[in-house]
Every structure is written in structure tokens, then in C-alpha cells.
Amino acid sequence: MSTVRAPTPLLRRLWLSTDARRLAACVAGGLVLAVMTGPEGSGTAPTSGFTGSLGNSRVIGFVVFGVVLWLLMTARQRYGTEIRAVSDRLSAAPRRLLPDKRVRGVFYLVLLGIAIGYPTVLNGFWQEVLVDQIGVYVLLALGLNVVVGYAGLLDLGYIAFYAIGAYSAAYWTGALPVHPLFHLNAFYAIPLAVLAAMLAGVILGAPTLRLRGDYLAIVTLGFGEIIEIVANNLQGVTGGAQGVIGIPHFSIHFLGVVYHWGLGSLPYYYLLLGFIVVVLIAFHFLENSRVGRAWVAIREDEVAAESSGINVLKYKVMAFAIGASTSGLAGMVEASKIGFVEPGDFTVQLSILILVLVIFGGMGSLPGAVIGAAVLQFLPQYLRVHPLFGFQQQDLYLYLGAILVVMMIFRPVGVFPSRRRKRELGLAEHGVGSADAMESTTGPIS
Amino acid sequence: MVPTATASDPIVQVEAITLRFGGLTSLSDVSLTQQRGEILAVIGPNGAGKTSLFNCLTGVYHPQEGNITFHDDHGKSVEIVGPKPRFAGLGGKSHVRNHGRKPHQVNRAGIARTFQTSRLFNALTAFENVKIGVESRMHTGPIGAMLRLPRTRHEDRESDARASELLEFVGLRERANDIASSLPYGDRRRLEIARALGTSPQLLLLDEPAAGTNPAEKNELVRLIRKVNDERGVSVLLIEHDMGLVMTLADRIVVLNFGQVIASGVPAEVQQNPAVIEAYLGAPDPEDAYDTSGPAEDGPEK
Ligand SMILES: Nc1ncnc2c1ncn2[C@@H]1O[C@H](COP(=O)(O)OP(=O)(O)OP(=O)(O)O)[C@@H](O)[C@H]1O
Ligand SMILES: [Mg+2]
């Protein structure tokens with residue numbers, strides 16, 4: 001009974017401890033990250049990649065990252081429910097603090113006031129970031145949110161519609177090698193660009209949205225590639241790989257009002273802000289309408305939805321087309337602002353980036369899409385100016401990937417999830433139903 | 001088919017449908033007619049093809065052979081399944097293939113259903129579940145929704161009122177704001193009926209509505225189905241394993257076995273029918289088939 005056992009050696013005890021093993025894994029992960037983001041080796045000094053990235057002070061940052069990740073994981077394991085409760089309460093705070101509709105209205109007005117006033121005190125660089133990196137991507141994220149968040153469709157070729165918007169801008173203003181039917185001022189070409197993107201959405205969506213889940217993702221991925229390749233190769237129409245220049249800035253001459261958007265970023269910022277506000281209001285109404293509820297129904301249970309009289313295909317195409325037009329609008333504005341388009345702007349990577357913005361913010365949630373896009377687009381720019389741990393732009397996707405992985409572990413619903421989505425994911429975790437229309441129904445339906 | 005005393009006014013006619021899954025024939029040459037206003041029960045052992053029949057009636061499955069025709073209350077006939085000539089290409093003869101409507105089209109025509117394992121929109125409230133059913137009959141499109149046009153708001157109020165009224169009707173008014181997945185079994189069943197009624201059907205298909213409910217809930221359910229039939233004038237086609245419930249509710253019964261109709265008629269007749277007794281006694285688990293109190297066990301994969 002009371003035999004004295006030899007003490008287990010320390011190393012073995014450590015190895016047996018899950019915590020210690022996990023710590024080792026996290027730190028190792030941090031080190032891998034350091035090597036991957038560090039300098040590359042060369043033929044003459046093949047190991048310089050390692051020594052260069054592990055031998056200087058930046059490695060400390062990555063080790064700290066590993067330890068922090070480990071602390072988070074351990075804390076989550078010990079105090080998971082408490083942490084979840086706190087984070088839920090935090091993300092619900094705005095709603096609870098602003099119960100009254102009028103108070104909320106004032107809050108939004110104040111936010112809008114800040115959005116209008118604050119940029120004026122920024123320098124030119126940040127004003128430009130606000131348009132090119134944040135405004136445009138907020139708009140893109142809002143559009144993709146309709147497709148992915150509302151209708152539950154995985155679209156991996158979303159940037160194609162942005163390209164269509166941008167090339168429409170070039171076409172109608174006469175910047176392309178092909179001549180338009182009639183020349184239009186860029187501003188008045190907006191509806192046509194939006195329409196073109198929407199049509200593309202319908203044409204792509206109508207036949208493919210019958211497919212379920214992964215097939216749709218593959219088809220949209222292919223479509224994105226096709227658009228990029230066509231833009232690259234159809235020299236006579238798109239200007240080929242060099243792209244086209246000379247897309248004029250917006251201007252209006254209307255009922256005595258004359259205004260030209262020039263080289264400055266601010267006017268474009270306000271234009272975008274206007275679009276974003278309109279889109280936000282429209283999508284808010286949409287979400288809480290018959291159409292929005294039909295999307296939820298489809299997402300939750302397609303068989304039940306169609307048996308309840310919902311034309312599933314029609315609503316999917318609708319979501320696709322609305323997302324596409326928003327994307328087209330963003331492309332149009334950006335093309336006119338920077339004055340040129342080139343196929344290199346429309347890579348699959350960007351489609352993925354926008355998807356990450358939506359997932360990070362919280363699928364199906366308007367504040368989520370806005371905040372997700374704003375934060376994730378702001379951070380790299382900030383880090384570019386104030387490099388931390390030797391942040392380099394080309395490592396961006398690595399960090400985004402890491403953020404996504406961490407998010408999926410700790411908060412799969414995103415930072416500001418919609419209440420419905422959160423419930424769905426909660427139910428899916430407990431094996432009730434699926435969170436998406438993405439999975440296929442097989443076997444007998446009963 | 002037993003001739004009814006009243007003049008024939010069918011609401012749905014199923015004519016010789018055959019449904020195959022690869023080598024498996026789950027319905028073979030099934031015909032039946034339901035009269036308007038009638039409560040018709042479909043019974044049969046597990047795997048007899050009852051749910052498959054419902055799936056054919058609602059456009060979920062398309063039988064390879066046969067016709068299904070729905071005659072709505074306004075004298076319009078809708079072919080749910082029927083042969084449709086297809087052009088086979090140059091040189092070939094155009095051949096005839098069965099063509100079926102999609103589930104949402106069938107629903108629009110006036111047939112609503114519930115599922116054997118309830119399929120609610122689980123993350124939504126009871127109220128929203130019903131409202132989705134009601135709204136499938138409205139017209140607000142994306143533009144109207146985004147602009148919140150007066151008509152949109154009007155439809156919204158109207159569907160709110162209808163949904164509340166239906167929740168009241170099935171006795172779930174207090175549960176309106178509960179999340180569907182949190183409801184007890186019996187309530188889920190009734191909620192599914194409310195959602196189906198929201199689409200203003202003329203024919204309601206109920207797939208084992210009493211499965212898994214306790215005796216008190218079962219009584220409620222019988223009353224509810226009666227009410228649906230009497231007050232709303234909805235014809236009811238009912239699959240049920242609970243013989244007690246079938247005998248009290250059904251005007252007529254159709255018995256399926258191995259995908260074939262083996263008997264039909266008024267309850268008293270069917271009960272005496274030797275083929276029916278044989279089918280049930282020959283069933284792998286007669287206990288199950290005759291069970292009138294406990295929940296009917298489902299086959300695998302339900
Ligand atoms: N989608 C499908 N694919 C393959 N086989 C199917 C499919 N749907 C139904 N079947 C088969 O058809 C037969 C009849 O099934 P059905 O679900 O209609 O029976 P049921 O009478 O409703 O039985 P239960 O009382 O158990 O609900 C079964 O053998 C079933 O496996
Ligand atoms: Mg069944």
C-alpha cells in the first residue's frame with residue numbers, strides 16, 4: 001500500500017503536464033512565425049534566414065506572442081464559461097447601454113459627427129488610407145456580409161464584381177481601348193457600373209446557386225480567376241496586364257450645382273461615407289424585412305424554407321446580386337479615385353481578405369462588418385508607420401491567418417456577432433441544426 | 001377506393017405513382033384520392049413509404065411514374081407531378097418524362113406540411129418562425145425592403161398580426177418570444193403546424209404529429225387538428241402510428257405496406273381488413289405498430 005515511489009524526474013513530469021506541452025507548442029509556433037516573417041536565406045548564406053530572424057531582438061516579440069497565446073488558452077480552459085460570459089456582456093454592452101431608440105439615434109449621430117469631423121485633422125497619408133484601405137473595404141465587407149452572413153453562401157470570387165465595377169468605370173468614361181456607346185461623366189456611370197456588377201452576379205448566380213456548399217465556393221473561386229485572367233489577357237478590351245489609366249475623377253453639374261472631385265482624398269472620403277451610411281441603413285432594413293428573414297430561413301434549414309413557400313434559388317440569387325452590386329460600387333469609386341485599373345488589383349487573395357474582414361467582425365452583423373473591416377485594414381497601415389516586431393507588409397496574410405485561427409478558438413462568432421448568428425452557432429455546437437445552408441442534405445428527408 | 005357517400009370533390013389525386021431510389025422501390029403504383037374537407041390518414045409499418053408519399057406530394061421527390069394533381073378551392077387544378085414531353089434532340093423522338101413542381105411552388109399552390117422530425121428555424125423565435133411562413137405569401141422585394149416603403153411597412157404589420165393570431169390559434173401565445181429550439185416537444189409540433197398554416201394552405205400534410213408527445217399533448221393535438229379542419233376548412237392528410245389518434249380523427253384511412261396501397265376505407269372497415277392485420281402482424285415489430293400510448297419509434301436515420 002504505502003510503498004515509497006521514486007520521484008518522477010522533472011522533465012518527465014513536465015512532459016506529462018498538458019500545460020507545459022502546450023506552452024512548448026505555443027512558443028514553438030511563435031518561433032516558426034518569427035522565422036517565416038523574418039529575412040530569407042540566400043545561396044551563399046543558407047542559414048541566414050534562421051540566424052537573421054532568431055538571432056535578434058524581434059524574436060522576443062514572437063516568444064511573448066507564444067506565451068500570451070498559451071496564457072489565453074489556459075485561461076480559457078480554466079475559466080472558459082466566465083470569459084465567455086464577460087465577452088458576451090461586453091459585446092452586448094452597446095445594445096444594453098443604448099436601450100432607448102432615441103438614445104441610440106443620438107449615439108449614431110455622434111459617431112457620424114466624428115466620422116465627418118475627425119478626418120479633417122488627419123494628414124494626407126491617413127486621409128488616403130481612410131479612402132483606399134478603409135472606406136472601400138468597409139463597403140466591400142458590407143456587401144459580402146449580405147452574401148455570406150445573411151444568406152450563408154460562401155463566395156470566394158467576390159473581388160470579381162469589384163473588378164467589373166472598376167472596368168465599367170473605365171469603359172463608360174472612355175478610358176478603355178474599346179469605345180463606349182456614349183461617353184459618361186464618371187459620376188453618372190455609377191448606376192451603370194452597379195448594374196453591370198449586379199447583372200454579373202445574377203448571371204453567375206442563377207445557374208450556380210443551385211449547387212450546394214463547397215461547389216458554390218469552387219465555382220465562385222473559378223469565376224474570380226476567370227475575371228482576373230480575362231482582364232490580364234484581353235489586351236484590346238481591358239488594356240491587358242498594364243491596365244488602363246486616365247479614368248477621370250467624379251464631377252457633377254446638376255441643377256446649378258457644380259462640383260469636382262480632385263486629387264485630394266477627403267472629398268472621396270465623404271462620398272464613400274455617404275454611400276456607406278446609405279448602404280448601412282438599407283441593409284439594416286433589409287435584414288429585418290421579409291427578405292432578411294427568408295435568408296435566415298434558408299440558412300437554417302433549406303428544406304423547411306422551401307416547404308414554407310420560399311423560393312430558395314431566387315433569394316440566393318438576390319443576395320448574390322446585392323452583394324455584387326455593392327462590390328461593383330466600391331470598385332467604381334476606387335477606380336475613379338485612383339484614376340486607373342489594373343488586373344493585379346483583383347487577385348483571389350483579396351476575395352479571401354474581404355471574407356476575413358467579415359468573419360472577424362462577425363458574420364451577419366452590420367457593426368461587425370464595419371468594425372472588422374476598419375480595424376483589420378487600419379492595423380497593417382498603422383504597423384507600417386510604426387513597425388512593431390519588424391512587421392512587414394508582405395507578411396500580412398500570415399498574421400491574418402493567425403488572427404483567424406485564434407478567433408476560431410476563442411470567439412468563432414466574430415467580434416460583434418449578430419444575435420441570430422450567435423444563436424445558430426451555439427445550437428450547431430450542441431448538434432441542433434447547422435449554421436449554414438452550406439452543407440448538403442443527404443439521405444431521406446423526413 | 002371506397003366510393004364516398006357525398007359527391008366526389010377531390011382536393012388531391014394521386015394516380016399510380018412509382019418512386020425508386022436506385023434499386024429500391026419505395027412507392028409502387030400508389031393511387032389515392034382525398035376529398036375536400038376530409039381528414040385522411042395514411043398508416044403503415046415503418047419504411048412503408050408514407051413519408052416518401054408526402055415528399056412526392058410536396059415536390060421534394062419526383063416520382064418516376066404517375067401523376068399528382070391538386071385541385072384548389074377556386075377551381076384551379078395544379079399538376080404537381082405529371083408527364084411532360086421533352087424534345088430529345090434532332091433525329092430522336094421526343095420522349096415523355098415525369099416533371100414535378102418545386103416545393104415552394106407546391107406550397108404556393110396550397111399544400112403545406114410538417115416534418116416527421118420537426119424542422120423549425122431553431123435560432124429564431126416562435127413568432128419569427130410563423131412570420132416566415134406568413135410572409136412567404138407577401139410581396140415585399142429587396143428594393144421595397146431597403147427603402148421601407150409604405151407598402152412594406154403595411155405588409156409587415158399585417159404579417160405580425162397574422163403570426164400572432166396563428167400562435168394564439170395553436171395555443172403558443174405565451175411562447176411567442178421563446179427561441180424555437182428551447183420549446184418542449186409538443187410545443188415544437190404545434191409551432192410547426194402554425195408555421196405551415198401561415199402559408200394559408202388548403203391541404204395540410206402532417207407527418208407523425210403525435211410522435212414523441214405525451215398523452216396530454218396528444219389530446220391537445222387532436223383538438224388542434226380538429227380545429228384546423230373545422231374552423232379553417234383545411235383538408236388534412238395525416239401520417240400517424242398512433243392508432244387511437246387515427247381512429248378518432250380520420251374520416252378515411254389508406255394503408256401502405258412495402259410501398260403499395262393494401263387497403264383503404266373508413267376506420268372501421270380498415271380495422272377489420274385481413275390484409276391490414278396481416279401487414280401489421282407481419283411487421284418486424286408489431287408492438288410498435290399497435291402502440292397507441294407511447295411515442296412511435298422512428299426507423300433509423302430519422
Ligand atoms: N432519399 C432517399 N434515398 C434512398 N432511400 C430512401 C430515400 N427516402 C426514402 N427512402 C427509402 O424509402 C423507403 C420508405 O421510406 P419512408 O421514409 O417513406 O418510410 P415511412 O413509411 O415514412 O417510415 P417511418 O414510419 O419509419 O417513418 C425506406 O426504405 C427508405 O429507406
Ligand atoms: Mg416516415
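The values are calculated or read from the model by the stated rules, or taken from the named source; none is laboratory data. Bear in mind that the values here come from a model prediction, so they are computed numbers and not experimental data. Cβ atoms come from the backbone with ideal geometry, glycine included; neighbour counts cover every protein chain shown. Heads up: the accessible areas ignore ligands, DNA and RNA and are worked out on the full protein's heavy atoms, side chains in. Shrake-Rupley method; radii C 1.70, N 1.55, O 1.52, S 1.80 Å.
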* Structure fact -> By my count, helices (runs of 4 or more DSSP H) wholly in segment A:40-130 with at least 3 residues that are at positive phi, open to solvent by 90 Å² or more (accessible area, probe 1.4 Å) and of a type outside the set (Val, Ile, Thr) are none
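If you check A:Arg22 against the conditions, is it within 32 Å of the chain's Cα centre (by Cα) and assigned to a helix (DSSP H, G or I)? Walk me through how you get there before you give the answer.
Numbers: within 32 Å of the chain's Cα centre (by Cα): yes; assigned to a helix (DSSP H, G or I): yes.
So A:Arg22 fits the description; yes.
Tell me, which residue of segment B:96-114 that is within 15 Å of ligand 1 (Cβ to nearest atom) and in contact with an Asp or Glu (Cβ under 6 Å, 6 or more places away or on another chain) is farthest from the other protein chains (Cβ to nearest Cβ)? Spell out the reasoning first.
Step one: of segment B:96-114, the residues within 15 Å of ligand 1 (Cβ to nearest atom) are B:100, B:103, B:113-114.
Subset that is in contact with an Asp or Glu (Cβ under 6 Å, 6 or more places away or on another chain): B:103, B:114.
Details: B:Pro103: 4, B:Thr114: 9 Å.
So the residue we want is B:Thr114.
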* To do: Among what's in segment B:170-182 and is among the aliphatic types (A, V, I, L, M) and within 12 Å of chain A (Cβ to nearest Cβ), pick the residue that is most open to solvent (accessible area, probe 1.4 Å).
  => B:Ile179
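Any residue at all in segment B:252-262 that is within 14 Å of chain A (Cβ to nearest Cβ) and either modelled with pLDDT under 50 or within 16 Å of ligand 2 (Cβ to nearest atom) (or both)? Spell out how you get there, then give the answer.
So the first thing to find is which residues in segment B:252-262 are within 14 Å of chain A (Cβ to nearest Cβ), and the list is B:259.
The next check asks that each one be either modelled with pLDDT under 50 or within 16 Å of ligand 2 (Cβ to nearest atom) (or both); those that pass are B:259.
Yes: one or more hits.
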* To do: Mind listing whichever residues of segment A:387-425 are touching a residue at least 24 places away in the same chain (Cβ under 8 Å), of a type in the set (S, T, N, Q) and open to solvent by 20 Å² or more (accessible area, probe 1.4 Å)?
  => A:Gln392
* Structure fact -> Per the list (1) under 15 Å from the mean Cα position of the chain (by Cα); (2) within 16 Å of ligand 2 (Cβ to nearest atom); (3) more than 30 Å from B:Gly23 (Cβ to Cβ), residue check on B:Ile225 breaks on (2)
* Asked: Residue check: is A:Val432 touching a Ser or Thr at 6+ places or on another chain (Cβ under 9 Å), part of a loop (DSSP other than H, G, I, E, B) and either within 16 Å of ligand 1 (Cβ to nearest atom) or at pLDDT 75 or above (or both)?
  -> no
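Taking the stated definitions as given, is B:Leu167 under 23 Å from the mean Cα position of the chain (by Cα), hydrophobic (A, V, I, L, M, F, W, C) and more than 9 Å from chain A (Cβ to nearest Cβ)?
yes
Looking at segment A:22-34, which of its residues are touching a helix residue (DSSP H, G or I) at 6+ places or on another chain (Cβ under 7 Å) and open to solvent by 40 Å² or more (accessible area, probe 1.4 Å)? First the steps, then the outcome.
To start, the set of residues in segment A:22-34 that are touching a helix residue (DSSP H, G or I) at 6+ places or on another chain (Cβ under 7 Å) comprises A:22-23, A:26-27, A:29-31, A:33-34.
Selection gives A:Arg22, A:Leu23, A:Leu31.
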* To do: Exactly one condition in (1) more than 27 Å from the chain's Cα centre (by Cα); (2) modelled with pLDDT of 90 or more; (3) of a type outside the set (A, V, I, L, M, F, W, C) is not met by A:Ser168; state its number.
  => (1)
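Are there helices (runs of 4 or more DSSP H) fully within segment A:289-386 with at least 1 residues that are open to solvent by 10 Å² or more (accessible area, probe 1.4 Å) and under 30 Å from A:Asn185 (Cα atoms)? List them.
Details: elements: A:290-300, A:302-307, A:312-338, A:348-361, A:366-385.
In segment A:289-386, the matching helices (runs of 4 or more DSSP H) lie at A:312-338, A:348-361, A:366-385.
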* Is it true that some residue in segment B:145-164 is without any contact (Cβ under 8 Å) to a residue 60 or more places away in the chain, more than 12 Å from chain A (Cβ to nearest Cβ) and surrounded by 14 or more Cβ atoms within 10 Å (Cβ to Cβ)? -> yes
* To do: Go through segment A:344-403 and give me each residue that's hydrophobic (A, V, I, L, M, F, W, C) and over 13 Å from the mean Cα position of the chain (by Cα).
  => A:Phe346, A:Leu379, A:Leu383, A:Val385, A:Leu388, A:Phe389, A:Phe391, A:Leu396, A:Leu398, A:Ala402
* Given B:Gly186, B:Gly212, B:Gly233, which one is within 16 Å of ligand 1 (Cβ to nearest atom), over 15 Å from the mean Cα position of the chain (by Cα) and not acidic (Asp, Glu)? -> B:Gly212
* Structure fact -> Of the listed residues (A:Leu204, A:Leu195), the one being surrounded by fewer than 22 Cβ atoms within 10 Å (Cβ to Cβ) and of a type in the set (A, V, I, L, M) is A:Leu195
